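**Student:** I have a structure I would like to understand better, so I am pasting it below and will then ask my questions one at a time.
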Amino acid sequence: MLTKRIQPMASQAKRLYVELMFQVMGRALQAVSEVDSVVQTEAKALPEGFLFEMMVMPDGSKLIVEHMGEGRFHYHGDTAPRPVDVSIKFKHLTHAFLVLSFQEKTSVAFAHDRMLVDGDVSYAVRMTRVLNRLESFILPKIIAKRAVKEYPVDLHLPEKLTSAARIYLKVATHFVQSARA
Amino acid sequence: MTNTYYEFFCPVKVIAGKAALEHIPYELSGLGAKRPMIVTDKGVRAAGLLDPVIAACEESNLDIVCIYDDVPPDSSTTVVRDIAAVYRKEKCDSIIAIGGGSAIDTGKAVNILVSEGGTDIAKYSGAGVIKHPLKPFFVVPTTAGTGSEVTSIAVITDETKGVKLPFTSSFLLPNAAIIDPRMTMTLPPHITAATAMDAMTHSVESFTCMAKNPLSDAYATAAIKKVSQSLLQVMDNPKDSDGRLELAQASTMAGIAFSNSMVGLVHSLGHATGAICHLPHGLCMSLYLPYVLEYNLETIRQPLGELLLYLEGPEVYADTPASRRAEASISALRKLRDALYKRCQLPRTLKETGKVTEDQLDHIAEMALDDGSIMFNPKEVTLKDARAVLQRAWA
Ligand SMILES: NC(=O)c1ccc[n+]([C@@H]2O[C@H](COP(=O)([O-])OP(=O)(O)OC[C@H]3O[C@@H](n4cnc5c(N)ncnc54)[C@H](O)[C@@H]3O)[C@@H](O)[C@H]2O)c1
Ligand SMILES: [Zn+2]
């Protein structure tokens, strides 16, 4: 009886968490692409207008970003202006939760068949590197280590702190702006 | 509790051993197929390898309706379209691919077109696009290496766009893989060596990369043992049919292993090198294997050390202190490469290939970083790392 009542609540909480994380990541992706040259270099190889999606199957939360050119990303929220080019699909909400709550590394989740890639694999590989870079920026080192295969050695603390602060600031302003809009 | 999780899938019927080819007519009729088409290449046909298959079918009153023997080394979308047209014109109802990875991948792609319809194979590129079972499809491997007879992937070049299109679907898996020692007996020494090293690499990467699991581990170790025990014997005595069968089975087992656990950086570098310098896949595998293992060493010390048992046998394993086994495994692989170099000049460095120039290394590194297999390499690889590995593999 009790489990029956508790479970939908737990899954509701997971759903909200995943949705919120997608929002934070989407905004952070846009912000980090404005300040970090490593991310910009990675992104420059993507075609202009390239649409990237992360989503929870079958029809759950979504994160959509577009490459605007020059290595800059634009966060589109959860609706794409046209069909996306590459989609990373979590097979289940639970898998998305494991990854986005940093209990399972993105690379491990791939290895564990937790998600599918739809579209050009080489672009998906590139986006995974961008996401890793993003996670090591915005997360405290102790959590970032759990999230990415290797914590970049060239990410020294001052740079990390200042950039992360800038990203947080940008994310925060973006939130405020969209709340106003 | 750990986060351990894995999937393992291999629904291919394996028909292996003496007189295996003679089972083809029975297996085809079991699927209601009466008008098979053979897809193969000129080298395989010239080696006389179609004759026993055709004879086996004729003896059971099954006519091979047509034979396409013009598959090129890097099969293309145009070739696939042409073969599909022949298949339709001749009203075939099934495909038998006979050959190495090139003919097999082509057969898989043709099967998509003739089953799903249309003339544009590019439309079906990607993962999970195909949603229905395809036509009856049999594979007779004639190289012992790619394991393509048990993998759910095919790679076809789109000539107009100059890109390699991957196709992945479990529906690409053949209904049956027929492993007959007669089919690899004619393999020339350097292809025997290179393709066997492809199988070795599939096993070693499968056992040391991120998606390893207990079932793929079992196939990988068994395959390594077979290649280690039989490859040099076969190199010295090409007509050793028991040894040939061992290598052919090892290749299939390694294919089962890696299609369930994926491969890593050796393949990322190898795919890029194949595309840029047009070197055979197996050669690239043999070339990069030790350098990549050295790069990954500290991340894979434990599993790589375990492989010493299968590479060198129980005595050497027991005599080697646990802390030295990973290095000893790399040495064993280097020793095998030296022995192959002695017998057929299979290159051990990029320089030895004579087909790669040092100024191509940066391009190879960049392309390798975009290869899907790099996601499963146990250690993160940056552009700088890839360049460093290539530099070590140079000479
Ligand atoms: N789909 C997969 O899972 C997978 C895996 C690995 C590699 N591949 C692909 O496979 C291809 C390489 O395949 P391969 O290494 O088997 O070589 P291959 O099929 O290209 O054949 C190499 C040469 O050997 C000749 N040959 C083959 N068998 C012979 C025999 N028994 N006697 C005499 N000559 C023979 C062929 O005519 C050809 O000229 C690559 O295109 C690679 O991308 C696919
Ligand atoms: Zn291979």
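**Student:** Identify, among B:L49, B:I179, B:T273, the residue whose Cα sits farthest towards the positive end of the charge dipole of the protein assembly as shown, taking +1 on the Cβ of Lys and Arg and -1 on the Cβ of Asp and Glu, with the dipole about the Cα centre.
**Tutor:** Checking the options against the dipole of the protein assembly as shown, the answer is B:T273.
**Student:** Further, regarding this structure: Run the dipole for chain B about the Cα centre, Lys and Arg Cβ at +1, Asp and Glu Cβ at -1, nothing else charged, and hand back the magnitude in debye, nearest 20. Before the final figure, lay out each step's value.
**Tutor:** Working: 37 positive and 45 negative charges, 8 e Å.
My answer is approximately 40 debye.
**Student:** Antiparallel as a % of all DSSP beta bridges within chain B, to the nearest 5?
**Tutor:** Approximately 20 percent, going by the DSSP bridge assignments.
**Student:** Putting +1 on Lys and Arg Cβ atoms and -1 on Asp and Glu Cβ atoms, find which of B:S261, B:L247, B:P214 reaches farthest to the positive end of the dipole of the range B:187-394.
**Tutor:** Final value for the positive-end residue is B:L247.
**Student:** Among the lysines, which have Cα under 18 Å from the Cα of A:K145 when same-chain residues fewer than 8 positions away are ignored?
**Tutor:** Candidates past the 8-residue exclusion: A:K105, A:K160, B:K379.
**Student:** Here's a follow-up. Checking an interface number: how much accessible area is buried between A and B, summed over both chains, with a 1.4 Å probe, in Å² rounded to 100? Intermediate results must be reported in sequence, preceding the final value.
**Tutor:** On the way: alone 9860 and 16840 Å², together 24890 Å².
Using a 1.4 Å probe on protein heavy atoms, the buried area is about 1800 Å².
**Student:** Using a simple charge model, +1 on the beta-carbon of Lys and Arg, -1 on the beta-carbon of Asp and Glu, nothing else, what dipole does the range B:187-394 show about its Cα centre, in debye to the nearest 20? Before the final figure, lay out each step's value.
**Tutor:** Details: 20 positive and 24 negative charges, 71 e Å.
Roughly 340 debye for the range B:187-394.
**Student:** With N set to the number of residues, divide the alpha-carbon radius of gyration of the range B:187-394 by 2.2 N^0.38 Å and report two decimals. Please report the intermediate quantities before stating the final value.
**Tutor:** Values: Rg = 15.8 Å, N = 208, 2.2 N^0.38 = 16.7 Å.
Normalised Cα radius of gyration, the range B:187-394: 0.95.
**Student:** Further question: Counting only protein heavy atoms and a 1.4 Å probe, tell me what percentage of the range B:187-394's accessible area is made up of carbon and sulfur. Don't jump to the answer; show the numbers that get you there.
**Tutor:** Numbers: 4250 of 7880 Å².
Of all accessible area on the range B:187-394, carbon and sulfur atoms account for 54 percent.
**Student:** Moving to a separate point now. Would you work out if the range B:285-395 is rounded, prolate or oblate? Take a ≥ b ≥ c from the square roots of the eigenvalues of the alpha-carbon gyration tensor; rounded if a/c is under 1.5, else prolate when a/b is larger than b/c, oblate otherwise. All intermediate terms of the calculation are to be shown ahead of the outcome.
**Tutor:** On the way: a/c = 2.77, a/b = 1.38, b/c = 2.00.
Since a/c reaches 1.5 but b/c is at least a/b, the shape of the range B:285-395 is classed as oblate.
**Student:** From Cα pairs below 8 angstrom and at least 6 apart in sequence, can you work out the relative contact order of chain B, rounded to a whole percent?
**Tutor:** Details: 759 pairs, mean separation 57.6, N = 395.
This gives 15 percent for chain B.
**Student:** Still on this model: Helix-only estimate, please: 222 nm mean residue ellipticity of the protein assembly as shown, summing -39500 (n - 2.57) across DSSP H runs of length 4 or more and dividing by its residues, to the nearest 500.
**Tutor:** Helix-only estimate at 222 nm: -17500 deg cm²/dmol.
**Student:** Then there's this: Probe of 1.4 angstrom, ligands and nucleic acids ignored: what's the accessible area per residue over the range B:169-296, in square angstrom?
**Tutor:** Values: 3430 Å² over 128 residues.
About 27 Å² of surface per residue is accessible.
**Student:** Across the residues of A:122-133, average count of Cβ atoms on other protein chains within 10 Å? Please report the intermediate quantities before stating the final value.
**Tutor:** Details: counts 9, 1, 3, 8, 2, 0, 2, 7, 0, 0, 1, 0.
Average per residue, whole number: 3.
**Student:** Could you tell me what percent of the DSSP beta bridges with both partners in the range B:13-182 are antiparallel, to the nearest 5?
**Tutor:** Taking every DSSP beta bridge within the range B:13-182, about 20 percent pair in antiparallel fashion.
**Student:** Sticking with this structure for a sec: Which pairs break 29 Å Cα to Cα here: A:K89/B:K212; B:K108/B:K351; A:K91/B:K91?
**Tutor:** Working: A:K89/B:K212 22 Å; B:K108/B:K351 35 Å; A:K91/B:K91 40 Å.
Distance filter (> 29 Å) returns B:K108/B:K351; A:K91/B:K91.
**Student:** Would you mind pulling out the separation of the Cα centroids of the range B:301-354 and the range B:54-108, in Å?
**Tutor:** Each part's Cα centre sits 39 Å from the other's.
**Student:** Checking the a/c ratio against 1.5 first, then a/b against b/c, what shape does the Cα gyration tensor give for the range B:3-93? Write out the running numbers ahead of the final one.
**Tutor:** Details: a/c = 1.60, a/b = 1.18, b/c = 1.36.
Here the range B:3-93 falls in the oblate category.
**Student:** Ignoring ligands, DNA and RNA, what percent of the 1.4 Å accessible area of the range B:1-148 is carbon and sulfur? Don't jump to the answer; show the numbers that get you there.
**Tutor:** On the way: 3410 of 6560 Å².
Carbon plus sulfur share of accessible area: 52 percent.
**Student:** Is the shape of the range B:226-341 rounded, prolate or oblate, going by the alpha carbon gyration tensor and its root eigenvalues a ≥ b ≥ c, with a/c under 1.5 for rounded and a/b larger than b/c for prolate?
**Tutor:** Details: a/c = 1.60, a/b = 1.05, b/c = 1.52.
Cα axes put the range B:226-341 in the oblate bin.
The values are calculated or read from the model by the stated rules, or taken from the named source; none is laboratory data. In this text, all values refer to a predicted model and were calculated from it rather than measured experimentally. FYI the Cβ positions are ideal-geometry reconstructions off the backbone, even for glycines, and counts take in every protein chain you see. Areas reflect the complete protein model, heavy atoms only, side chains present, ligands, DNA and RNA absent. Shrake-Rupley method; radii C 1.70, N 1.55, O 1.52, S 1.80 Å.
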